[in-house]
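I have placed the structure first, in the form of C-alpha coordinates, so that the comments after it can refer back to it.
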Amino acid sequence: MNGLAEKNEIIRQLKEKILSMEGFDTKADGRQPDFGLGPVSAAFPGGVFPTGAIHEFISPTETCAAAANGFLAGLLNTLMKNGGTCLWISNGHKLFAPALKFFGLEPHRVVFIDVKTEKEALWVMEQGLKCNSLAAVVAELRNISFAESRRLQLAVETSKVTGFIHRQRPQTENMLACVSRWKIRPLSSHTDGLQGVGFPRLEVELVKIRSGRPGIWQFRWENGKFRITTEPEQIKTITKQPAFQKQRQYA
(Lines give C-alpha, C1' and ligand atoms only; values in the text may rest on other atoms or scores of the structure.)
Protein backbone atom coordinates (compact mmCIF):
# COMPACT_ATOMS: atom_id res chain seq x y z
CA MET A 1 0.00 0.00 0.00
CA ASN A 2 2.87 2.33 0.86
CA GLY A 3 4.41 1.53 -2.50
CA LEU A 4 1.19 2.53 -4.30
CA ALA A 5 0.96 5.77 -2.33
CA GLU A 6 4.56 6.54 -3.19
CA LYS A 7 3.89 5.96 -6.90
CA ASN A 8 0.82 8.21 -6.78
CA GLU A 9 2.85 10.94 -5.13
CA ILE A 10 5.56 10.64 -7.81
CA ILE A 11 2.90 10.90 -10.54
CA ARG A 12 1.37 13.96 -8.84
CA GLN A 13 4.74 15.66 -8.64
CA LEU A 14 5.49 14.87 -12.29
CA LYS A 15 2.12 16.35 -13.32
CA GLU A 16 2.85 19.52 -11.33
CA LYS A 17 6.30 19.78 -12.90
CA ILE A 18 4.88 19.39 -16.44
CA LEU A 19 2.22 22.02 -15.76
CA SER A 20 4.86 24.32 -14.30
CA MET A 21 6.94 23.92 -17.47
CA GLU A 22 3.84 24.88 -19.47
CA GLY A 23 3.52 28.10 -17.49
CA PHE A 24 0.96 27.05 -14.85
CA ASP A 25 1.27 27.60 -11.13
CA THR A 26 -0.65 24.66 -9.69
CA LYS A 27 -0.23 25.53 -5.99
CA ALA A 28 -3.68 26.70 -4.94
CA ASP A 29 -2.46 28.59 -1.88
CA GLY A 30 -2.90 32.13 -0.61
CA ARG A 31 -0.81 33.53 -3.47
CA GLN A 32 -3.45 32.71 -6.04
CA PRO A 33 -6.35 35.18 -6.37
CA ASP A 34 -9.90 33.88 -6.17
CA PHE A 35 -11.77 34.98 -9.29
CA GLY A 36 -15.10 33.86 -7.88
CA LEU A 37 -15.90 31.66 -10.88
CA GLY A 38 -17.21 28.81 -8.76
CA PRO A 39 -17.49 25.51 -10.66
CA VAL A 40 -15.52 26.91 -13.60
CA SER A 41 -12.38 26.55 -11.49
CA ALA A 42 -12.65 22.77 -11.85
CA ALA A 43 -11.97 23.24 -15.59
CA PHE A 44 -8.51 24.72 -14.91
CA PRO A 45 -5.40 22.60 -14.34
CA GLY A 46 -5.04 22.09 -10.62
CA GLY A 47 -8.33 23.97 -10.10
CA VAL A 48 -6.50 27.30 -10.38
CA PHE A 49 -7.14 30.06 -12.93
CA PRO A 50 -3.92 30.33 -14.99
CA THR A 51 -2.21 33.62 -14.21
CA GLY A 52 1.10 34.61 -15.77
CA ALA A 53 -0.24 33.29 -19.08
CA ILE A 54 -1.94 34.53 -22.26
CA HIS A 55 -5.70 34.12 -22.63
CA GLU A 56 -7.64 34.63 -25.87
CA PHE A 57 -11.17 36.02 -26.17
CA ILE A 58 -13.08 35.87 -29.45
CA SER A 59 -16.06 38.17 -30.13
CA PRO A 60 -17.86 37.82 -33.49
CA THR A 61 -20.16 40.82 -32.83
CA GLU A 62 -20.05 44.15 -31.02
CA THR A 63 -22.54 42.95 -28.41
CA CYS A 64 -20.35 39.92 -27.69
CA ALA A 65 -17.33 42.25 -27.48
CA ALA A 66 -19.12 44.41 -24.89
CA ALA A 67 -20.01 41.31 -22.86
CA ALA A 68 -16.42 40.06 -23.09
CA ASN A 69 -15.09 43.43 -21.91
CA GLY A 70 -17.39 43.22 -18.89
CA PHE A 71 -16.14 39.73 -18.08
CA LEU A 72 -12.55 40.88 -18.56
CA ALA A 73 -13.13 43.83 -16.22
CA GLY A 74 -14.29 41.42 -13.51
CA LEU A 75 -11.15 39.30 -13.96
CA LEU A 76 -8.89 42.36 -13.98
CA ASN A 77 -10.49 43.68 -10.80
CA THR A 78 -9.41 40.48 -9.03
CA LEU A 79 -5.91 40.54 -10.54
CA MET A 80 -5.39 44.14 -9.41
CA LYS A 81 -6.70 43.83 -5.86
CA ASN A 82 -3.17 43.65 -4.48
CA GLY A 83 -1.99 46.64 -6.50
CA GLY A 84 -0.52 47.05 -9.93
CA THR A 85 -1.68 48.67 -13.12
CA CYS A 86 -3.24 47.35 -16.30
CA LEU A 87 -2.45 48.35 -19.88
CA TRP A 88 -5.37 48.33 -22.32
CA ILE A 89 -4.20 48.60 -25.93
CA SER A 90 -6.45 49.14 -28.93
CA ASN A 91 -6.43 50.18 -32.55
CA GLY A 92 -9.39 52.55 -32.71
CA HIS A 93 -10.56 52.98 -29.12
CA LYS A 94 -14.19 51.84 -28.74
CA LEU A 95 -14.31 50.95 -25.06
CA PHE A 96 -16.40 53.24 -22.83
CA ALA A 97 -13.98 53.38 -19.90
CA PRO A 98 -16.45 54.56 -17.18
CA ALA A 99 -18.49 51.38 -17.77
CA LEU A 100 -15.61 49.32 -16.35
CA LYS A 101 -16.45 50.67 -12.91
CA PHE A 102 -19.74 48.75 -12.97
CA PHE A 103 -17.69 45.53 -12.95
CA GLY A 104 -15.49 46.74 -10.11
CA LEU A 105 -12.56 48.03 -12.18
CA GLU A 106 -11.62 51.66 -11.53
CA PRO A 107 -10.78 53.29 -14.90
CA HIS A 108 -8.04 55.45 -13.37
CA ARG A 109 -6.05 52.28 -12.65
CA VAL A 110 -6.00 51.38 -16.34
CA VAL A 111 -3.57 52.96 -18.81
CA PHE A 112 -5.30 53.16 -22.19
CA ILE A 113 -3.00 53.17 -25.22
CA ASP A 114 -4.36 53.83 -28.71
CA VAL A 115 -2.21 52.83 -31.67
CA LYS A 116 -2.61 53.19 -35.42
CA THR A 117 -1.99 49.60 -36.52
CA GLU A 118 -2.32 46.10 -35.11
CA LYS A 119 1.42 45.63 -35.61
CA GLU A 120 2.00 48.51 -33.20
CA ALA A 121 -0.53 47.00 -30.78
CA LEU A 122 1.39 43.71 -30.76
CA TRP A 123 4.69 45.50 -30.13
CA VAL A 124 3.25 47.53 -27.24
CA MET A 125 1.66 44.41 -25.74
CA GLU A 126 4.92 42.47 -25.88
CA GLN A 127 6.82 45.30 -24.20
CA GLY A 128 4.11 45.63 -21.55
CA LEU A 129 4.15 41.90 -20.81
CA LYS A 130 7.87 42.10 -20.11
CA CYS A 131 7.26 44.67 -17.33
CA ASN A 132 6.67 42.69 -14.14
CA SER A 133 5.36 45.75 -12.30
CA LEU A 134 2.12 45.45 -14.30
CA ALA A 135 -0.74 43.26 -13.14
CA ALA A 136 -2.12 42.59 -16.62
CA VAL A 137 -2.09 43.66 -20.26
CA VAL A 138 -5.13 43.65 -22.56
CA ALA A 139 -4.90 44.11 -26.33
CA GLU A 140 -7.83 44.47 -28.70
CA LEU A 141 -6.78 42.81 -31.94
CA ARG A 142 -8.47 41.31 -34.95
CA ASN A 143 -5.80 39.10 -36.42
CA ILE A 144 -2.69 37.55 -34.91
CA SER A 145 -0.49 34.68 -36.06
CA PHE A 146 0.64 31.68 -34.04
CA ALA A 147 4.25 32.93 -34.13
CA GLU A 148 3.20 36.33 -32.78
CA SER A 149 1.18 34.75 -29.98
CA ARG A 150 4.13 32.51 -29.13
CA ARG A 151 6.33 35.57 -28.59
CA LEU A 152 3.75 36.93 -26.15
CA GLN A 153 3.57 33.63 -24.27
CA LEU A 154 7.36 33.51 -23.96
CA ALA A 155 7.33 37.05 -22.52
CA VAL A 156 4.89 36.17 -19.71
CA GLU A 157 6.73 32.99 -18.78
CA THR A 158 9.51 35.24 -17.49
CA SER A 159 7.57 38.22 -16.10
CA LYS A 160 4.48 36.28 -14.84
CA VAL A 161 2.25 39.13 -16.07
CA THR A 162 -1.20 37.94 -17.21
CA GLY A 163 -2.15 38.84 -20.78
CA PHE A 164 -5.51 38.95 -22.55
CA ILE A 165 -5.95 39.09 -26.32
CA HIS A 166 -9.45 40.23 -27.28
CA ARG A 167 -10.05 39.40 -30.95
CA GLN A 168 -13.06 41.27 -32.24
CA ARG A 169 -14.55 39.99 -35.50
CA PRO A 170 -11.42 38.02 -36.50
CA GLN A 171 -11.12 36.88 -40.08
CA THR A 172 -10.24 33.35 -38.94
CA GLU A 173 -10.14 31.52 -35.62
CA ASN A 174 -6.62 30.28 -36.22
CA MET A 175 -4.75 28.35 -33.57
CA LEU A 176 -2.68 30.44 -31.14
CA ALA A 177 -0.16 29.65 -28.41
CA CYS A 178 -2.55 30.91 -25.70
CA VAL A 179 -3.38 28.68 -22.74
CA SER A 180 -7.12 29.28 -23.14
CA ARG A 181 -9.76 30.47 -25.59
CA TRP A 182 -13.03 32.06 -24.42
CA LYS A 183 -16.28 33.19 -26.01
CA ILE A 184 -18.59 35.44 -23.98
CA ARG A 185 -22.18 36.07 -25.05
CA PRO A 186 -24.73 38.43 -23.48
CA LEU A 187 -27.93 36.91 -22.14
CA SER A 188 -31.23 38.60 -21.44
CA SER A 189 -31.55 39.61 -17.79
CA HIS A 190 -34.76 38.89 -15.95
CA THR A 191 -36.30 39.34 -12.52
CA ASP A 192 -39.54 37.72 -11.43
CA GLY A 193 -40.31 36.85 -15.03
CA LEU A 194 -39.66 40.38 -16.31
CA GLN A 195 -37.26 40.29 -19.27
CA GLY A 196 -34.59 42.98 -19.45
CA VAL A 197 -34.83 43.75 -15.73
CA GLY A 198 -32.19 42.63 -13.27
CA PHE A 199 -28.49 41.90 -13.11
CA PRO A 200 -26.39 41.51 -16.30
CA ARG A 201 -26.16 37.89 -17.42
CA LEU A 202 -23.46 36.23 -19.51
CA GLU A 203 -22.89 32.89 -21.17
CA VAL A 204 -19.25 32.00 -20.58
CA GLU A 205 -17.79 29.41 -22.93
CA LEU A 206 -14.33 28.08 -22.27
CA VAL A 207 -13.60 26.74 -25.75
CA LYS A 208 -10.06 25.56 -25.06
CA ILE A 209 -7.95 25.21 -21.94
CA ARG A 210 -4.55 23.59 -22.01
CA SER A 211 -4.44 20.55 -19.69
CA GLY A 212 -7.99 21.33 -18.55
CA ARG A 213 -11.61 20.68 -19.47
CA PRO A 214 -13.69 23.11 -21.59
CA GLY A 215 -17.32 23.89 -20.78
CA ILE A 216 -20.19 26.38 -20.88
CA TRP A 217 -21.68 28.20 -17.91
CA GLN A 218 -24.11 31.03 -17.26
CA PHE A 219 -23.31 33.84 -14.84
CA ARG A 220 -24.82 37.03 -13.59
CA TRP A 221 -22.87 39.97 -12.19
CA GLU A 222 -24.41 40.78 -8.81
CA ASN A 223 -23.06 42.96 -5.98
CA GLY A 224 -19.54 43.01 -7.37
CA LYS A 225 -19.26 39.25 -7.96
CA PHE A 226 -19.87 36.63 -10.61
CA ARG A 227 -22.67 34.31 -9.54
CA ILE A 228 -23.45 31.06 -11.34
CA THR A 229 -27.04 30.87 -12.59
CA THR A 230 -27.05 27.24 -13.73
CA GLU A 231 -27.13 24.25 -11.42
CA PRO A 232 -24.20 21.81 -11.75
CA GLU A 233 -26.32 19.17 -13.51
CA GLN A 234 -27.49 21.78 -16.04
CA ILE A 235 -24.01 22.87 -17.03
CA LYS A 236 -23.12 21.79 -20.54
CA THR A 237 -19.60 20.39 -20.67
CA ILE A 238 -17.79 20.00 -23.98
CA THR A 239 -16.24 16.56 -24.37
CA LYS A 240 -14.50 14.77 -27.21
CA GLN A 241 -14.33 17.98 -29.19
CA PRO A 242 -11.31 19.22 -31.14
CA ALA A 243 -9.49 22.08 -29.48
CA PHE A 244 -10.34 24.26 -32.48
CA GLN A 245 -13.38 24.13 -34.72
CA LYS A 246 -13.24 24.61 -38.46
CA GLN A 247 -12.24 28.14 -39.29
CA ARG A 248 -15.14 30.47 -39.94
CA GLN A 249 -15.31 33.69 -41.87
CA TYR A 250 -17.02 36.73 -40.42
CA ALA A 251 -18.67 39.42 -42.46
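A probe of 1.4 angstrom, applied to the heavy atoms of all protein chains, finds residue 146 with accessible area near 100 square angstrom. Packing here is the average count of other Cβ atoms within 10 Å per residue, and on that basis the peptides 200-209, 169-178, highest first, run 200-209, 169-178.
Residue 62 contributes an accessible area of around 140 Å² to the protein surface, as traced by a 1.4 Å probe with all chains present.
Close amide H partners of residue 166, meaning residues 5 or more places away or on another chain with modelled amide H under 5 Å apart, are 57, 139, 140, 141.
Beta carbons within 10 angstrom, averaged per residue: use that to sort the peptides 213-222, 93-102, highest first. Write down the numbers at each step before the final one.
Numbers: 213-222: 18.2, 93-102: 14.1.
Packing proxy ranking, top to bottom: 213-222, 93-102.
Quick check on packing: order 126-134, 108-116 by the mean number of other C-beta atoms within 10 Å, highest mean leading. Can you show the working numbers first?
Numbers: 126-134: 17.1, 108-116: 14.3.
Per-residue Cβ counts within 10 Å, averaged per peptide and sorted highest first, yield 126-134, 108-116.
The values are calculated or read from the model by the stated rules, or taken from the named source; none is laboratory data. Computed from a predicted structure; not experimentally measured. Cβ sites come from the backbone with ideal geometry, for glycine too, and all protein chains shown count toward neighbours. Surface accessibility is based on the protein's heavy atoms, side chains included, excluding ligands, DNA and RNA. Shrake-Rupley method; radii C 1.70, N 1.55, O 1.52, S 1.80 Å.
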